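Below is one structure; the comments refer to it alone.
The values are calculated or read from the model by the stated rules, or taken from the named source; none is laboratory data. All values reported here derive from a predicted model rather than from experimental measurement. Don't worry about glycine lacking a Cβ; one is built from the backbone with ideal geometry, like all the others, and counts go over all protein chains shown. What goes into the accessible areas is simple: the full protein's heavy atoms, side chains included, and nothing from ligands, DNA or RNA. Shrake-Rupley method; radii C 1.70, N 1.55, O 1.52, S 1.80 Å.
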Amino acid sequence: MNNTQTTPQCLSTGLNAIKNAKQNAAAPMIRLSSRQAHGSRISQERRALLPKLSARRGTSDIKAILSEDPTDSEYLTDNHVDRAMLTWSDSVCDTVDDGRCSVLTQALYRDRTEPEFLQTVHEIMVSTESLLMENPKYFDVFQRMIEPERVITFRVPWVDDNGRTHVNRGFRVQMSSTLGPYKGGLRFHPTVNLSILKFLAFEQLFKNALTGVSLGAGKGGADFDPKGKSDTEVMRFCQSFMTELCKHIGPGVDVPAGDIGVGGREIGYLYGQYKRLTGRFEGALTGKGPTWGGSHIRPEATGYGAVYFSEHMMRGAGHVKGLEGMRAAISGSGNVAQFAAEKLLDLGATPMTFSDSGGTLYCETGFTRDHLALIQDLKNNKRGRLSAIADVPEFTYLPESTPWGMSCDVAFPCATQNELKAEDAQNLVANGCMAVVEGANMPTTPEAYQCLKESGVLFGPAKAANAGGVGVSGLEMAQNSGGLSWTREEVDSQLKDMMKNIYDETSAAALRVGQPNDLRTGADVAAFLRVADAMIDQGCV
């Protein structure tokens, strides 16, 4: 795919377009290079200024420090989200008292080296701005909401098949127990770091709130890559990881699940070690096998749920046939992508693409159920790359490309965060895409979202559209608690109802704040109010 195209007009203002009141008045912000952001150190004199922010108009001071010396860049990462956040905070400082503003600014400032986390916090700040400015109680609770209740970091040593010792870093971010026990997946991937896990945990907080199930929020994982490892190596790693993690989880406390790099195999090894260490067979993990405490539909739930949500979204926009007859571009080829494709076929739509880190697999006539079975065997059993089936006559394999240059009616980004970029949004708009539904967590960059919004493309936000996975995890917890095992049909029926309720609630919240059909704002507002009101009820803890 060619990424050298000129940025369209709809992207030229970036995130500043979100702030209509600040479009013409925002102070210029300094663009810092990655080298500057990681290679410089602030002077002792300016370092001494930072503690004084608690008694001053924080954002103005931060911008003044940066404008005096662009090399003082360890205090602002090379990410436009940070700058947009400062602009937002500066405008709020004009309407609330200085003390409240400076406290929030400092809270954000602590996380200046965590761009993914700041990106998702910024989204919530923009969506809930009117609530925060009009209700001091919400402004006050927000500073607590963005700080995790607990962050656990630990060493994970393991031995490979050749007898060599390796050490990875494990994490568990216990974000919030306001609505229930901590709940969220474990990710095993080389890119895992604290910023990514805090972003995922913060998103999880809002997503879990929308399900209506009593679930708090957490996220964890390790910078371990299961790819290329033998089953015994993965087992040794999972056992070492759980040896520490088991001290911090359990029913009613923290119930992890899977995520990228953690599928049925890994959940099995993790649960086996948990039982071995605790001597208890209990619902300490979800995503278990259906014969040993798991729930039907759990592997399918995120993909199925995203398609159910998109069906309601399309009908709500006047497409009376829903997804029937529509062509869908899908990124990723893991559980979410596979089961989104399966449900699209059930509803009469045509999946056109899958992808992995090597490239995109395209089928001009659309993937069939037989094609899907081939991909599932490749990914789930052989753990191979899509390039391995590029010689199938109906397939076209495009190395080092994404699906977003293909003509489609609906796009489902189901791979990873920030995968759908500005150029991709431009291509989707140009090729007639009517809707983007996020199957992955925060897969759309802010510039891409702004272009889609300005172009009238329907948008299903991740915290609403992919909430089906954690929703069915909640149903698995309920089954474990009661010693029950519901049928596949029972669970699927509850998932359908859950996704309809989420769509209805986000639509109503968007209308409430004067943004009809803006489902991202609606999801943020609905979830924020549920969490914030519960936090207020429970006191300053």
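By accessible area, using a 1.4 Å probe on protein heavy atoms only, segment 134-178 has 41% of its surface on carbon and sulfur. Surface composition of segment 324-430: carbon and sulfur make up 49 percent of the accessible area, probe 1.4 Å. Mean sequence separation of contacting Cα pairs (under 8 Å, at least six apart), scaled by the length of segment 277-405, corresponds to a relative contact order of 20 percent.
Heavy-atom surface analysis with a 1.4 Å probe gives segment 440-501 a carbon and sulfur content of 48 percent of its accessible area.
The mean sequence separation of alpha-carbon pairs under 8 Å and at least six residues apart, normalised by the residue count of segment 154-293, gives a relative contact order of 27 percent. Per residue, segment 148-231 exposes 34 Å² of solvent-accessible protein surface, assessed with a 1.4 angstrom probe and all protein chains in place.
Here r is the Cβ-Cβ distance between residue 159 and residue 484 and R0 is 35 Å; the resulting FRET efficiency, rounded to 0.05, is 0.30.
Rounded to 0.05, the FRET efficiency of the residue 280 and residue 244 pair, given R0 = 22 Å and the Cβ-Cβ distance, is 0.80. Were the residues from residue 391 through residue 147 laid out at 0.36 nm apart, the gain over their Cα-Cα distance would be 82.9 nm.
Once both labels are positioned 7 Å from their Cα atoms along Cα-to-Cβ, the gap between residue 383 and residue 517 label points is 4.6 nm. For the residue pairs 463/496; 275/382; 137/207; 183/229; 183/207, the C-alpha atoms sit more than 18 angstrom apart in 275/382; 137/207; 183/229. Let me know the shape class of segment 187-295, please: from the alpha-carbon gyration tensor, a ≥ b ≥ c as square roots of the eigenvalues, rounded when a/c is under 1.5, otherwise prolate if a/b is greater than b/c, or oblate. It comes out oblate by the Cα gyration axes. Rolling a 1.4 Å probe over the heavy atoms of the protein chains gives segment 372-492 an accessible area of 36 Å² per residue. Placing +1 on each Lys and Arg Cβ and -1 on each Asp and Glu Cβ, with no other charges, gives segment 390-541 a dipole about its Cα centre of roughly 380 debye.
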